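Below you'll find the structure, written out as structure tokens, and then a few comments.
The values are calculated or read from the model by the stated rules, or taken from the named source; none is laboratory data. Model, not experiment: these values are computed from the prediction. FYI the Cβ positions are ideal-geometry reconstructions off the backbone, even for glycines, and counts take in every protein chain you see. The area values use the complete protein model at the heavy-atom level, side chains included, leaving out ligands, DNA and RNA. Shrake-Rupley method; radii C 1.70, N 1.55, O 1.52, S 1.80 Å.
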Amino acid sequence: MIQLFYGDNDYARTQAVRRARDDYAERHGDQSVDSVRGETLTLIELPQLLHGQSLFSPHKLIIVHDASTNKPVWDELSDFLETIHDIDLLLIETKPDKRTRTFKWLQKNAEIREFKALDEREVTNWVRTHARTYGIELHHDEAKFLVAYSGVEQWRLHHDIEKLALAGKPVSRELIQELIDPNPTVTAFDLLDAIIAGRRETALDKLAAVRRTEDPYKFIGLLVSQLYALAVCKTADNKSSQAIATEAGIHPFVAQKSLATAQKLSMPKLREMIAAIEHCDEMIKTSGADPWNMIELAVAKISH
């Protein structure tokens with residue numbers, strides 16, 4: 001059987017690969033699974049990998065990660081697979097080019113599963129279900145607050161739930177804030193929301209909180225990326241957040257939140273914010289001044 005697992009939901013994709021690997025090993029033994037990095041494969045190695053027999057097991061599951069990043073191998077892979085029968089092959093990809101000959105061949109001849117990133121509502125439901133596996137019963141409001149506080153990345157939320165489980169206490173907003181570090185991406189959203197609303201003190205409070213734990217160079221990069229998302233959404237001509245995410249390569253969660261924010265934002269205000277953050281970024285790179293002070297000045301300036 002030939003399978004392709006792909007999509008940008010790394011958590012769900014990884015869990016599916018783990019289950020497939022463990023199920024195969026349980027049926028055929030620990031020596032029956034091989035995992036290789038596709039980006040390091042050569043065309044010379046490919047026939048041996050696909051045709052190779054194991055002395056330890058008559059059955060073999062070959063797991064290949066990111067072969068599509070290796071253009072010579074990916075371009076020829078479908079030709080090799082055409083000549084092979086009774087192979088157990090699992091290809092793992094994030095964003096394979098669907099226009100390629102190999103992807104089109106796989107569409108016709110392989111079992112394909114796509115793992116899409118979840119939106120905020122879907123992640124909130126997942127958090128409640130996942131928490132139950134740790135013996136935690138999360139109410140909807142607490143689950144929603146955790147997602148708003150930590151973000152929608154499932155690996156991060158998985159570790160957050162582990163921390164909450166180890167606390168051995170009923171989960172509340174206070175416990176989440178005590179044990180979990182706020183996601184800087186979410187903080188950047190909240191900061192921009194406060195700026196747009198003209199809540200200068202709130203914006204500066206948000207900045208002071210993130211200043212204690214985050215790197216200023218990474219945070220200015222986050223602000224730049226969030227402004228890019230806002231600009232895309234502001235000029236999207238009534239497109240849905242899903243369409244924007246697909247076309248602009250933005251995470252669905254980011255597109256969803258940015259679209260809602262962009263509706264409250266005037267074009268002159270957006271231009272002002274972009275100019276101020278762009279100037280701040282340039283000054284941080286060239287002036288030698290304290291980067292957090294430069295960010296604070298920019299936030300204060302545009303939070304009127």
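Normalized C-alpha radius of gyration of segment 1-155, against 2.2 N^0.38 Å? Spell out each step's value before the answer.
Working: Rg = 18.5 Å, N = 155, 2.2 N^0.38 = 15.0 Å.
That ratio works out to 1.24.
Using a 1.4 Å probe and counting only protein heavy atoms, arrange Thr124, Thr133 so the residue with the most accessible area comes first. Mind dumping the intermediate values first?
Values: Thr124 5, Thr133 100 Å².
Largest to smallest exposure gives the sequence Thr133, Thr124.
Leaving out ligands and nucleic acids, and using a 1.4 Å probe, what accessible area per residue does segment 173-304 come to in Å²? Walk me through the intermediate numbers first.
On the way: 6860 Å² over 132 residues.
I get 52 Å² per residue for segment 173-304.
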Legend entry - R0 of 41 Å, Cβ-Cβ distance Asp79-Glu122: FRET efficiency to nearest 0.05: 0.60
Legend entry - Surface share of carbon and sulfur [accessible, 1.4 angstrom probe, percent] for segment 198-269: 52 percent
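For each pair in Lys98/Lys218; Lys71/Lys104; Lys163/Lys285; Lys163/Lys234, compute the distance between the two Cα atoms and list the pairs where it is over 27 Å. Mind showing how you got there, number by number?
Working: Lys98/Lys218 32 Å; Lys71/Lys104 15 Å; Lys163/Lys285 37 Å; Lys163/Lys234 38 Å.
Too far apart for the 27 Å limit: Lys98/Lys218; Lys163/Lys285; Lys163/Lys234.
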Inset, instruction - Take the alpha-carbon centre of segment 58-85, take the same for segment 91-159, and report the distance between them in whole Å. - result: 26 Å
Inset, instruction - Please list the helices of the chain that count as membrane-span-like by this rule: a mean Kyte-Doolittle hydropathy of at least 1.0 together with Cα atoms stretching 24 Å or more along the helix axis, each helix being a complete DSSP H run. - result: 216-234
Legend entry - Förster radius 35 Å - calculated FRET efficiency between Arg99 and His159 (Cβ-Cβ, nearest 0.05): 0.45
Inset, instruction - Quote the accessible area belonging to Asp75 in square angstrom, nearest 10, computed with a 1.4 Å probe and with ligands, DNA and RNA left uncounted. - result: 50 Å²
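Show Tyr24, Tyr134, Tyr217 ordered by accessible area, largest first, where the area counts protein heavy atoms only and the probe is 1.4 Å. Mind showing how you got there, number by number?
Details: Tyr24 15, Tyr134 80, Tyr217 130 Å².
From most exposed to least exposed: Tyr217, Tyr134, Tyr24.
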Inset, instruction - Give the shape of segment 132-273 as rounded, prolate or oblate, defined through the alpha-carbon gyration tensor: a ≥ b ≥ c are the square roots of its eigenvalues, a/c under 1.5 means rounded, and otherwise the shape is prolate if a/b is larger than b/c and oblate if not. - result: prolate
Inset, instruction - For segment 1-96, with all protein chains present and a 1.4 Å probe, just round the carbon and sulfur fraction of the accessible area to a whole percent. - result: 50 percent
Inset, instruction - Using 0.36 nm per residue of separation minus the Cα-Cα distance, give me the extension gain between Leu50 and Glu137 in nm, one decimal. - result: 26.7 nm
